[in-house]
Amino acid sequence: MKAFIQDLKKEHPSARHFCFGAVFGEDRSEHRSSDDGEPSGTAGLPILNQILSSEITNMAIVVVRYFGGTKLGKPGLIHAYKEASILAIEASKKKKIWITERVLIHFEYDYTGNVMRAIEQFPMAQILEQNFLESCELTVSVPKSTLDNALHLFDHLQHVNIEHIP
């Protein structure tokens, strides 16, 4: 984050404030913000709160502010940084990335159709590896949020076993 801010300072040498909010981590547990010389709580926190309310992670917003001669006061600063953040989030390109886990499915060749149909109906499942020999094995990636369901997908078929690959 520091290097990114330094690059912005070089790009905008006459700007006075480089305030930011950032949220990182799969569970959105890592937060950072900075008022960068603005009154405490008037810049970084409004930016951070907009990111948190958007339910996006691994995102940072930096608002570069030049002094315009008009004193906004604390409420005006909060509103300005909040609105700038809202506009940045709306204009950003978002990409949903699924955190996945791998499972290994063991089954007899006769159950291939059942297994393939079940995998096709499972949301976001992707076959990574397949070995069809005397007995069969598939390595399948599934969204982490559906791992428990995937592990019980074949409970009704006693000749199909599934295990989590950590």
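The values are calculated or read from the model by the stated rules, or taken from the named source; none is laboratory data. For clarity, every value in this text was computed on a predicted model and none was experimentally measured. Reconstructed Cβ throughout: ideal geometry from the backbone, glycine too, with neighbour counts over all protein chains shown.
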Out of the residues in segment 61-100 meeting the condition of being of a type in the set (K, R), farther than 15 Å from G41 by Cβ and more than 14 Å from the chain's Cα centre (by Cα), tell me which one is surrounded by the most Cβ atoms within 10 Å (Cβ to Cβ). R65
Quick check on this structure: which one of N58, N131, N49, N149 is assigned by TED's automatic domain parsing to the domain that holds P39, surrounded by fewer than 15 Cβ atoms within 10 Å (Cβ to Cβ) and of a type outside the set (F, W, Y)? N58
What number goes with the only condition from (1) surrounded by 15 or more Cβ atoms within 10 Å (Cβ to Cβ); (2) touching a strand residue (DSSP E or B) at 6+ places or on another chain (Cβ under 8 Å) that E108 does not pass? (1)
Quick count over segment 99-133, residues being over 17 Å from I165 (Cα atoms) and touching a helix residue (DSSP H, G or I) at 6+ places or on another chain (Cβ under 8 Å), is 4
Quick check on my filter: what residues within segment 9-55 are over 13 Å from the mean Cα position of the chain (by Cα) and under 23 Å from K95 (Cβ atoms)? F20, G21, H31, R32, I47, L48, N49, Q50, S53
